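Q: The structure that follows is given in the form of structure tokens.
Nothing in this text is a laboratory measurement; each read-out follows from the coordinates by a stated rule. All values derive from a computational prediction rather than experimental measurement. Methodologically, a virtual Cβ is constructed for each residue, glycine included, from the backbone with ideal geometry; neighbour enumeration extends over all protein chains shown.
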Amino acid sequence: MSAPPSYLQSFSLLAKRSSSVCAGKQQGSSYPQLYAEKAEVEKSVDALRFNCAQRAHQNTMESIPLLYLTTCLTATKLPIVAASLCGTWVLARVFYTRGYVTGKPEKRERGAQTSILALFGLIGTATYVVGSAVKGQLGF
């Protein structure tokens with residue numbers, strides 16, 4: 001994996017986390033409350049935005065292990081493809097998060113679709129790389 005996409009990914013995750021923390025402070029939520037209660041959401045747009053920021057952060061964190069695994073596997077044989085797909089995923093998640101934290105979750109769709117396509121690309125290329133390695137070891 002090349003350095004620029006990984007730095008961009010780290011910066012993106014830190015920025016998303018800080019947006020979640022800022023949203024929580026605006027809403028008046030204290031740690032360790034993960035989400036605003038339903039009654040709070042009905043009263044305050046900031047509470048809804050806080051919940052959306054938390055969900056965007058959690059959804060992104062759930063994808064990270066698969067992203068790392070497939071990027072590393074792909075990078076062993078196709079480093080430019082791995083870096084390109086990983087970078088695309090990172091940028092898509094930025095758009096996903098920015099759309100989600102508006103309080104209108106439907107605005108996240110374009111970023112979600114692009115990140116899913118990038119992740120499927122990584123899964124496909126990682127499968128190809130592993131399959132080629134196994135095939136080579138078995139002598140086919």
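Q: For a label point 7 Å from the Cα of L78 along Cα→C-beta, name the residues of segment 124-140 whose backbone N is under 17 Å from it.
A: Correct set: 124-136.
Q: Give the order of I80, I123, I116 when sorted by the count of other beta carbons within 10 angstrom, beginning with the fewest. Mind dumping the intermediate values first?
A: Numbers: I80 10, I123 17, I116 14.
Lowest to highest Cβ neighbour count: I80, I116, I123.
Q: What does the charge dipole of segment 55-123 about its Cα centre add up to, to the nearest 20 debye, if the Cβ of each Lys and Arg holds +1 and the Cβ of each Asp and Glu holds -1?
A: In debye, rounded to 20, segment 55-123 gives about 180.
Q: Right, here's the next one. Can you work out the FRET efficiency for the pair S63 and S132, with r the C-beta to C-beta distance and R0 = 30 Å, to the nearest 0.05? Present the calculation step by step, with values, prior to reporting the outcome.
A: Details: r = 25 Å, r/R0 = 0.84.
Here the calculated transfer efficiency is 0.75.
Q: Around V129, under 15 Å between beta carbons, what's the net of Lys plus Arg minus Asp minus Glu among the other residues?
A: Working: positive: K77, K135; negative: none.
Summing Lys/Arg as +1 and Asp/Glu as -1 gives +2.
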